[in-house]
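> This is the structure I want to talk about, given as structure tokens.
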Amino acid sequence: MSIAKTPPVPYYAVIFTSLRTPGDDGYGDMADAMVAAASRQPGFLGVESAREELGITVSYWDSLEAIAAWKQDTKHLVAQRLGREKWYASYKTRICRVERDYDFEKL
């Protein structure tokens, strides 16, 4: 895992925060498939994800149009439906325009 390499601002972030239901029931495989599918979408810039009790996935995009297209991707629509039916007790999605970023890396 690494920190996503994003371009100069501005760009967009989709923050998906979730609480899972018990068990996997195919969740891990679908999560991997969704990252792979998103990475092939026009406008995709990167993704970061962490899960303990609370899961947070942040994907980065070059435009609101790219985010809207990803939301309507047929495979993503299946994952969204299964998420509501099987994998999530609750979730929240936030879409933000990144106006400023900075970083640090110990050499």
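The values are calculated or read from the model by the stated rules, or taken from the named source; none is laboratory data. All values derive from a computational prediction rather than experimental measurement. Glycine gets a Cβ as well: all are built from the backbone with ideal geometry, and neighbour counts include every protein chain shown. Please note that ligands, DNA and RNA were not included when accessible areas were found on the heavy atoms of the full protein model with its side chains. Shrake-Rupley method; radii C 1.70, N 1.55, O 1.52, S 1.80 Å.
> Please list, in order along region 84-91, the HN-Hα scalar couplings obtained from phi with the Karplus expression 6.51 cos²θ - 1.76 cosθ + 1.60 (θ = phi - 60°), rounded to whole Hz, x for Gly and Pro.
5, 7, 10, 9, 10, 7, 6, 7
> Now a separate question. Under 1.5 on a/c is rounded, so check that first for region 48-107, then, if it is not, pick prolate when a/b is larger than b/c and oblate when it is not; a ≥ b ≥ c are the square roots of the alpha carbon gyration tensor eigenvalues.
Note, shape of region 48-107 comes out oblate.
> I've got another one for you. Counting only Cα, what are the radius of gyration and maximum Cα-Cα distance Dmax of region 1-65, in Å?
Answer for region 1-65, Rg first and Dmax second: 12.8, 39 Å.
> Please compute the length gained on full extension between Val9 and Glu65, using 0.36 nm multiplied by the number of residues separating them and subtracting their Cα-Cα distance.
Stretched fully, the Val9-Glu65 segment lengthens by 18.5 nm.
> Show Leu45, Leu54 ordered by accessible area, largest first, where the area counts protein heavy atoms only and the probe is 1.4 Å.
Leu54, Leu45
> Over the chain, what is the mean sequence separation of C-alpha contacts under 8 Å (at least six apart), divided by residue count, expressed as relative contact order in percent?
45
> Just grab the label-to-label distance for Leu82 and Ala33, each label 7 Å out from Cα along the Cβ direction, in nm (one decimal).
Going from the Leu82 label point to the Ala33 one covers 0.4 nm.
> Keeping all protein chains in place, calculate the accessible area per residue for the chain (probe 1.4 angstrom), answer in Å².
71
> Roughly speaking, what is the stretch gain from Glu99 to Glu52, that is 0.36 nm per residue apart minus the C-alpha to C-alpha distance, in nm to one decimal?
Contour length minus the Cα-Cα distance gives 14.1 nm.
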